[in-house]
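J.: Sending over a structure as structure tokens; questions will come in a sec.
The values are calculated or read from the model by the stated rules, or taken from the named source; none is laboratory data. All values derive from a computational prediction rather than experimental measurement. When we count neighbours, we look across all protein chains shown, and the Cβ atoms used for this are built from the backbone with ideal geometry, even at glycine. Note: accessible area is taken over every heavy atom of the protein model, side chains too, but ligands, DNA and RNA are not part of it. Shrake-Rupley method; radii C 1.70, N 1.55, O 1.52, S 1.80 Å.
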Amino acid sequence: MGQLGKLFRPRSLSRSGHKVTLWKPTKVELLPREQKVFKEKYKDKQDDSMKQIVQNYKEGTLKIEEVPEPALKSGGVLVQSYHSLISAGTEKMKVDDSKRSYVGMAKARPEKARQVMETLKQAGPLATYRKVMNRLDAYTPLGYSLAGKVIEAAADVSEFEAGDMVACAGNTANHAEINWIPVNLCCKIPALTWGRKNDGEGSVLTDWAAFTTVGAIAMQGIRQADVHVGECVAVIGLGLVGLLSCLILKAAGCRVMGVDIDPAKVDLAQKMGVDIAGVPEVVDIQQMAMSFSDGYGADSILVTTGTKSNEPTIMAGNIARDRATIVDVGINKMDIPWQLYFEKELTVKHSRSYGPGRYDPNYELNGQDYPIGYVRWTEKRNMISFLDLMISGKIDIGPLITHEFSFSNANEAYKLLEGKGSELYVGILLKYDVSEETLKRSRIRTVCTILTKTKNGLNVGMIGAGNFARTMLLPNLKCPDVDLIGIATATGISAKDTARKFDFEICTTDYKELLDNKSINTIMIATRHNLHGKLVMDALKAGKHVYTEKPLCLNEEELKEIASLYNNSFNAAESRPLLMVGFNRRFAPLVKGMKAFFEKRNEPMVMHYRINAGYKEKSDWYQDRAVGGGRIIGEVCHFIDTLQFLTDALPVSVFAHAIKTDNQAITVEDNVAITIGFSDGSVGSITYLANGDPLFPKEYVDVFCENRVSVLDNFTRLTTMANGKKRVKRAILQDKGHKAEMKALINCVNGNGVAPISFESIFATTLATFKIHDSMKSQRMVPINNLQ
């Protein structure tokens, strides 16, 4: 028997439900002196912290919020913002959406409305309501283009160091005093090679460099058009992206024609050197294009508008030459007129934002670059290329800066987007206070939000605050027996928003603050799966009770470490903290009813659990074995635990077989049949499916034993049959046990000392998921009592 197998020998568990005394419960009471110390520790962090612009769709508000500094994660740098650029297109759309009614939002985003309806059919009204309201009533960051100074680099980053001036892009380059930026969305600002006054540090002024992200968008559109020197190129839509496109095209030796419905933007384009420009209501655009191109039509057309009208698409076809290229760079209706496009044999392309790498998490977040021999122009290389044009003086974006506001006065900037000003706006910059005093004030990772007297009982420090934690865990912890002390997340905006919604006393981007906090007796972990194992061990070493969402960890090495720590690092069994994993289904009322139906059985069960899990793309973090562990480790553990609960027995063997297909979009492990043998002789089969209709009910369990049958249909109906009599119990709302699970956790910590799930059960379930992978690989039955 291997080392892990020696820790627990398979046996039947007590039918009473894993009642194992683990420790003598201790109540943590914060005495008056300790409360004073608590206040003193965080008093300086209550008023001084980093500031960030946030939007709330539910309230329709936009404000500057004080939040903790973001965590310095691997693969990136912390950047102090000098200037950030407001996107007059994307951010205006978000601001407009926040002013709509819920019905208006649904009409504006029909694809989101469809997702809500699908969730409603699968999860029921309560879970759907929580999910939707969590999305709406949340702090949403704004901004994706900035320039500033690196103040700290992660240990695994060699490309940047503190003091580097950089331009940054992406969803983490927000309007905030400090941002964490991954290396592939960050590039150094080179030294000037022409006479424009610099910032004293030998680089382009950060007001210009803040345009780099939008410049990369324009650059990618031009690359998609594959233009050449001397060609005639039309740009339809002279907003920021359109005008930047015009500048780049002129620098590339093209003749450029501009079109916009706003006369002021047309005038600005002409002042910036566009060869010809016009307003459709004033001039005949098709005739202008013919004259401009010697009667041939434009070689390429960039459509850089953002409209639901199909007019730009029709106009592009009318002004194009035979076999021209049309590139959609903006957000447009593309209802292509077949006859027009067919007769000219036009090529239509779409431009993917900044360029190759965009929307690829391996590139953007994990730092995996594309070889230059195969992908010449990635999004980062497009950013660098645009910076090179600026530093060499080949483009002058000075005229595009129509407004500059101090960051503290950002609300005035957004009033322009709301149409509260009559003047022309194109490039709107926010300028930050970059003094040493401001930087010192911003570099705080723990912020006190409220000060309350800590209660006895479950005193929670939560690490991670994703959608599941906000909708299924925290709502069920809001009760008199629980005090929510601290919330830790990687981003300050998420930490502050969660603290606001659920009344946490402190929010932080440093989870060790929670481990060191003596008023916290229970750590709850709801991060991505790759962090679970380390956080569990750190919390146990700190002497905290631990609840972690599934899975417990991602590999046998971590499992072995956790088991050794849990069993050997405490003086006596009574001193061990609670370790609980979020296997909520065993707490569901109908699952309990199914178990009670077979309570007096004297023979093994035959069980079948079918899960219509739905498709997840391979790019999803859940599918990444290093981050999410894959769906077997990440999800199938739920169903193994449920079968354990029904049998009161440990799994002792597993055989698994996945489908085989040449379809590279499918993760074959997502469609698998698993057979599990249990220590009491029971047999369970789990059929996990990702290739079914998403609206078909998700979960179905049937159990046969001693001439009895019980069927659980998607946690809404339980059917039992015995002696020819059939009984059906229906649930008013779908209940997968989350509320009862949290109640069991609260009761356990608050006094009765009974572990809701024994550690040997948690251990066996986790090990079984690893053995499923072993079985699929070997195509053999694998025992679950050793490392072989």
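J.: Name the residue, out of Thr140, Thr119, that is modelled with pLDDT of 75 or more, within 21 Å of the chain's Cα centre (by Cα) and polar (S, T, N, Q).
T.: Numbers: Thr119 fails: modelled with pLDDT of 75 or more.
Result of the check over Thr140, Thr119: Thr140.
J.: I need the full set of residues from the stretch 711-731 which are under 21 Å from Leu473 (Cβ atoms) and open to solvent by 20 Å² or more (accessible area, probe 1.4 Å), in order please.
T.: If we filter the stretch 711-731 for residues that are under 21 Å from Leu473 (Cβ atoms), which is where we start, we get 715, 731.
Residue satisfying the conditions is Ala731 alone.
J.: Taking only pairs six or more apart or across chains, which ones have beta-carbon atoms under 8 Å, a first residue in the stretch 669-688 that is more than 9 Å from Ala658 (Cα to Cα), and a second residue that is assigned to a loop (DSSP other than H, G, I, E, B) and of a type in the set (Gly, Ala, Ser)?
T.: Going by the 8 Å Cβ cut-off, the qualifying pairs are Tyr688/Ala613.
J.: Take the stretch 188-230 and flag every residue that is part of a loop (DSSP other than H, G, I, E, B), surrounded by fewer than 20 Cβ atoms within 10 Å (Cβ to Cβ) and modelled with pLDDT of 95 or more.
T.: Passing the criteria: Asp226, His228, Val229, Gly230.
J.: Take the stretch 333-376 and flag every residue that is polar (S, T, N, Q) and at positive phi. Talk me through it step by step, then tell me what you get.
T.: Of the stretch 333-376, the ones polar (S, T, N, Q) are 339, 347, 351, 353, 362, 366, 368.
Selection gives Ser353 alone.
J.: So how many residues does the stretch 480-510 have that are in contact with a helix residue (DSSP H, G or I) (Cβ under 7 Å, 6 or more places away or on another chain) and outside any helix (DSSP H, G or I)?
T.: 12
J.: Looking at this structure, is Lys453 in a loop (DSSP other than H, G, I, E, B), open to solvent by 10 Å² or more (accessible area, probe 1.4 Å) and modelled with pLDDT under 90? Step through it out loud before you land on a result.
T.: Working: in a loop (DSSP other than H, G, I, E, B): yes; open to solvent by 10 Å² or more (accessible area, probe 1.4 Å): yes; modelled with pLDDT under 90: yes.
Yes; evaluated as a whole, the condition is true for this residue.
J.: Also, quick follow-up: Just a yes or no: is a residue in the stretch 673-690 open to solvent by 40 Å² or more (accessible area, probe 1.4 Å) and more than 19 Å from Leu643 (Cα to Cα)?
T.: No, the stretch 673-690 contains no residue that is open to solvent by 40 Å² or more (accessible area, probe 1.4 Å) and more than 19 Å from Leu643 (Cα to Cα).
J.: Here's a follow-up. Quick one: in the stretch 732-752, of everything that is touching a helix residue (DSSP H, G or I) at 6+ places or on another chain (Cβ under 8 Å) and not in a helix (DSSP H, G or I), which residue is least open to solvent (accessible area, probe 1.4 Å)? Working first, answer last.
T.: Going residue by residue through the stretch 732-752, those that are touching a helix residue (DSSP H, G or I) at 6+ places or on another chain (Cβ under 8 Å) are 733-744, 746.
The next check asks that each one be not in a helix (DSSP H, G or I); those that pass are 733-737.
Details: Leu733: 78, Gln734: 47, Asp735: 61, Lys736: 35, Gly737: 1 Å².
Top of the filtered list is Gly737.
J.: Also: Given the conditions (1) touching a residue at least 40 places away in the same chain (Cβ under 8 Å); (2) open to solvent by 10 Å² or more (accessible area, probe 1.4 Å), and given that Lys600 satisfies all but one, which numbered condition is not satisfied?
T.: Among (1) touching a residue at least 40 places away in the same chain (Cβ under 8 Å); (2) open to solvent by 10 Å² or more (accessible area, probe 1.4 Å), Lys600 violates only (1).
J.: Among the residues of the stretch 231-247, write down those that are of a type in the set (Val, Ile, Thr) and open to solvent by less than 10 Å² (accessible area, probe 1.4 Å).
T.: First, pick out the residues of the stretch 231-247 that are of a type in the set (Val, Ile, Thr): 233, 235-236, 241.
Within the stretch 231-247, Val233, Val235, Ile236 meet the criteria.
J.: Here's a follow-up. Among the residues in the stretch 753-772, are any part of a loop (DSSP other than H, G, I, E, B), of a type in the set (Val, Ile, Thr) and open to solvent by less than 10 Å² (accessible area, probe 1.4 Å)?
T.: Just the residues of the stretch 753-772 that are part of a loop (DSSP other than H, G, I, E, B), to begin with: 753, 755-758.
Cutting the leftovers down to of a type in the set (Val, Ile, Thr) gives us 757.
After this cut, where a residue has to be open to solvent by less than 10 Å² (accessible area, probe 1.4 Å) as well, the list is 757.
Looking for residues that are part of a loop (DSSP other than H, G, I, E, B), of a type in the set (Val, Ile, Thr) and open to solvent by less than 10 Å² (accessible area, probe 1.4 Å), one finds at least one in the stretch 753-772, hence yes.
J.: Related question: For the stretch 659-670: of the residues being open to solvent by 10 Å² or more (accessible area, probe 1.4 Å) and either at pLDDT 95 or above or acidic (Asp, Glu) (or both), which is farthest from Ala588 (Cα to Cα)? Reasoning before the result, please.
T.: Let us first name the residues in the stretch 659-670 that are open to solvent by 10 Å² or more (accessible area, probe 1.4 Å), namely 659-669.
If we keep only those that are either at pLDDT 95 or above or acidic (Asp, Glu) (or both) as well, we get 662, 669.
Numbers: Asp662: 39, Glu669: 27 Å.
Among them, the one singled out is Asp662.
J.: Would you please name the residue that is most open to solvent (accessible area, probe 1.4 Å), looking only at residues in the stretch 527-552 that are part of a loop (DSSP other than H, G, I, E, B) and of a type outside the set (Gly, Ala, Ser)?
T.: Looking at the filtered set, the residue picked out is Arg528.
J.: Taking the residues in the stretch 511-526 that are part of a loop (DSSP other than H, G, I, E, B) and open to solvent by 30 Å² or more (accessible area, probe 1.4 Å) as candidates, determine which candidate is nearest to Met50 (Cα to Cα).
T.: Just the residues of the stretch 511-526 that are part of a loop (DSSP other than H, G, I, E, B), to begin with: 511, 517-521, 526.
Then drop every residue that is not open to solvent by 30 Å² or more (accessible area, probe 1.4 Å), which leaves 511, 518.
Working: Tyr511: 18, Lys518: 26 Å.
Applying the filter and picking the extreme gives Tyr511.
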